[in-house]
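Notes for the one structure printed next.
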Amino acid sequence: MVFPVTYNLVIIICRSCFTELQYDYLSIWLSLDYLCDILYILDIVANFHTGFLKEGILVTDKKQIARRYLSSSKFRWDLLSVLPTDFLYFKFGIHTPAVRINRFLHVQPLFEAFDRTETRIPYPNVFRICKLMAYIFVVIHWNSCVYFALSNYIGFGKDEWVYPNISDPDFASLGRQYVYSFYFSTLILTTVGDVPAPVQEEEYLFMTADFLIAVLGFATILGSISSVVANVNDGDKAFYPDYDQVKQYMKMYKVNKSVRKKVIAWHQHLQINKKMTNENQILMNLPEKLRVEVAVSVHMSTLSKVQIFQNCEKGLLEELVLKLKPQVYSPGEFVCKKGDIGREMYIIKEGKLAVVADDGVTQFAVLGAGNYFGEISILNIKGNTSGNRRTANIKSIGYSDLFCLSKEDLKEVLTVYPDAKTILEEKGREILLKMNKLDEKLAAELEAKQLEMEEKVQRLEANLESMQTKLARLLAELESSAAKILQRIKRMEWEISLWEEEPTEDKPTDKSEDEE
């Protein structure tokens, strides 16, 4: 619907004001007019078959759809836009395209297409600028058509303000007429050039209206451009670290120059190469399922390259994908050093890292994209002779993008997938055996100790349950005894109260006997 709506908005006014255009290409215009009318009618028919959401559920019942569309204001505007006003050609003539002015009412599909395109394309800010330029073009186009029509009404060449006399060969062609009018309108609406002073009252009114439109347009353009720039800046702040705060911090605490250069180079690398270190925060507003799907589509191929995670459950990998944390290392920076306690594993996404000697210069091996290291350190494998400590020095050769998976995150996920935990530990043992870093005797001893400990825990739990049962019985007996004692105390109080009342009742009887 973008084509017919744009065609009617742009061409009808142009044909009405530039009569030569209407006369020279009449057959083309009539064909396009009725093609657009057919598309308008098809759009109305399509609206009778377009479902809508009711309480979050898509309604596809045709009766409900038709009832809703017929009761909407959209149907009334659509109906008015396809009224057969072309019959007015019989009264005003075939060269009066203004009788089709009601086609302007069918503009909602154009705005709907703009809104949907803006949300779907990857560069919405560029689209907003293009849309704004299209609006400006339409406004100037309409203004130029009205200017030419007003010049025709006043008289071509009557003064310097109106369009020059078309009898002059330089201004007689249709192309020159439109280009001159468009140029003149652009000067007025942008207020960037001098234009001849108006003479007639109509010219004054036209200039005044144009100046008001120019003020409104300037405010709109300025606001739109400011909004686009603000969106770009907000996007940069959301995707990349705020360097200004870091810079202020280093200046406040007088950080030495070499460190500041490293920080500046790291930040420039992120900006130039569009690297992100806060993916989880960016996706936080998405629903959990969508967040998982996005993370899986981006990082699943990287995670599946890790040997210990191959052939694992899909659910486990999806959970782990959300735990991956991107990190960027600068040239010469150590990712880990020999003897450090391993608390996370790393997957190389981009860049190269070197396995170096203790001197930090001699290279034993180079790791590239797709390689990983430190996977054994995040699994508590019994019999590991390295004791979960790093066995090598790994240094970044250039800028390296890594994914980090911590032991705590893996442990949290494996509590939900106990079978996967067993599989991962078995794979880890196989890797340690190949590296001759698994003491099977020590592993057996630790396994036996763990089993013994589990048995002790089970016995303690059983004893605890027995003690809880006995304690519950004692509490029940205590409550019963307390209730019985309370009843006995109440009974004794009642009997004592009766004994105290008997002497008071006997005293009046004794006095009467004495009197007798």
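The values are calculated or read from the model by the stated rules, or taken from the named source; none is laboratory data. Note that this is a predicted model, so its numbers are computed, not measured. When we count neighbours, we look across all protein chains shown, and the Cβ atoms used for this are built from the backbone with ideal geometry, even at glycine. Surface accessibility is based on the protein's heavy atoms, side chains included, excluding ligands, DNA and RNA. Shrake-Rupley method; radii C 1.70, N 1.55, O 1.52, S 1.80 Å.
Can you give the FRET efficiency to the nearest 0.05 for S406 and E493, using r as the Cβ-Cβ distance and R₀ = 45 Å?
After rounding, the FRET efficiency stands at 0.05.
Here the ratio of the Cα radius of gyration of segment 326-403 to 2.2 N^0.38 Å is 1.06.
The residues V294, V355, sorted by heavy-atom accessible surface at 1.4 Å with ligands and nucleic acids left out, run V294, V355 from largest to smallest. Going by Cα centres, segment 53-119 and segment 376-431 are how many Å apart? Measuring centre to centre over Cα atoms gives 62 Å.
Compared with the alpha-carbon gap, the fully stretched path from N102 to N371 is longer by 90.2 nm at 0.36 nm per residue. The apolar share of the surface of the chain, taken as the fraction of accessible area on carbon and sulfur atoms (1.4 Å probe, ligands and nucleic acids excluded), comes to 60 percent.
Take 211-224, 310-323, 45-58 and order them by the average number of nearby Cβ atoms within 10 Å per residue, most first; the result is 310-323, 211-224, 45-58. Need one number: the % of Cα-Cα pairs in the chain sitting beyond the 30 Å mark. Pairs farther apart than 30 Å: 73 percent. Considering only I28, S181, A357, the residue lying farthest towards the positive end of the dipole of the chain is A357, judged by Cα position with unit charges set on Cβ.
Taking the centroid of alpha carbons for each part, segment 478-498 and segment 322-363 are 79 Å apart.
Modelled spin labels at L433 and E455, positioned 7 Å past Cα toward Cβ, are 2.7 nm from each other. Computed over protein heavy atoms with a 1.4 Å probe, the accessible surface of the chain works out to 64 Å² per residue.
Any idea what the dipole of the chain comes to, in debye rounded to 20, about its Cα centre with Lys/Arg Cβ at +1 and Asp/Glu Cβ at -1?
3160
The length gained on full extension between V192 and K247, counted as 0.36 nm times the residue separation minus their Cα-Cα distance, comes to 15.6 nm.
Principal axis extents of the Cα atoms in segment 37-122, from largest to smallest and rounded to whole angstrom, are 51, 37, 19.
Put simply, when 68-76, 31-39, 11-19 are sorted by average Cβ atoms within 10 angstrom per residue, most first, you get 11-19, 31-39, 68-76.
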